[in-house]
Amino acid sequence: MRKILFLLLSMVFLSSSCTAQSTFHVNKVIAHRGAWKAQGLPQNSIASLQEAIRLGCEGSEFDVWMTADDILVVNHDHDLQGMDIETSTYEQLLTKTLPNGEKIPTLKEYLTEGMKQQGTKLILEFKPSRINVERSEKVGEMSVKTVQELKAEKWVDYITFSYEGGKKAIATDPKANVAYLTGDKSPAQLKEDGFFGFDYNIRVLRLKPEWITEAQQLGLTTNAWTVNSEEDMKWLLDLKVNFITTDEPEKLFEIISKR
Ligand code: MG
């Protein structure tokens, strides 16, 4: 009787752990601004996100700015073909199109596209405002609220150069995974302030490789940008970082497949 009970309990446990299992890829490859380079797609376009998904990247990174009328849009630079995003309205930005004919994606549109699949995570970088720190905090807070509104939490990890914006995002959703980009904080400091990990420039990590070990010991995630050389990719793989952010995800996949 006890044996049967044990078997039944094991089956219940196994089935519940199976349903809880994530379908997201685990391969360290983060496409920087989507997978754009090899196919000549515009950075941060929906097409570059779709290509990162097609390649099976663990994550696809993109950048978020806020327009003058408080619309969050996806673009790398502070300007869209010479039009400053923070001082332009969304309507004004719509007068420009990306080279592949797309309009500038809103954060909502970008997340909605990403949520059509469950293999590639969406790595949301909210950009520090060039106007003031309050706007940086607002972009962090509004990004998290948009993710919550769309119920996109399981897809999204955050990165930011704004330490204050990062802390605001963590305060808005204490479960949000927020990694810091600037490279001027120790893993211990990040841990204390509730960050998920770091995403530092490869040059910072080459100078301070001990930060990778320290972060690993503290349970923080480790990521590096923007890693395009084979030598750097192999060095980071040897150090067992969690993620590598690259413009050349195809190359990184090839290196990983040969190891
Ligand atoms: Mg970025």
Criterion (polar (S, T, N, Q) and within 13 Å of the chain's Cα centre (by Cα)) met by exactly one of Thr146, Thr160, Thr172: Thr160
Residue check, Asp173 modelled with pLDDT of 95 or more, open to solvent by less than 60 Å² (accessible area, probe 1.4 Å), within 16 Å of the ligand (Cβ to nearest atom) and not β-branched (Val, Ile, Thr): no
Filtered residues of the range 42-69 (kept if open to solvent by 60 Å² or more (accessible area, probe 1.4 Å) and closer than 17 Å to Lys127 by Cα): Gln43, Asp69
Residue within the range 160-168 that is aromatic (Phe, Trp, Tyr) and open to solvent by less than 10 Å² (accessible area, probe 1.4 Å) present: no
Long-range neighbours under 7 Å by Cβ, at least six apart or interchain, first residue over 20 Å from Val26 (Cα atoms) and more than 15 Å from the ligand (Cβ to nearest atom) within the range 121-135, second in a strand (DSSP E or B) and at pLDDT 95 or above: Arg135/Met66
Tally, over the range 106-134, of residues that are among the hydroxyl-bearing types (Ser, Thr, Tyr), more than 22 Å from Ile244 (Cα to Cα) and part of a loop (DSSP other than H, G, I, E, B): 1
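The values are calculated or read from the model by the stated rules, or taken from the named source; none is laboratory data. Remember, it's a predicted structure, so these values are computed and weren't measured experimentally. Positions of Cβ are generated from backbone atoms using ideal geometry, with glycine treated the same way; all protein chains shown enter the neighbour counts. These area figures cover heavy atoms from the full protein model, side chains too; ligands, DNA and RNA do not enter into them. Shrake-Rupley method; radii C 1.70, N 1.55, O 1.52, S 1.80 Å.
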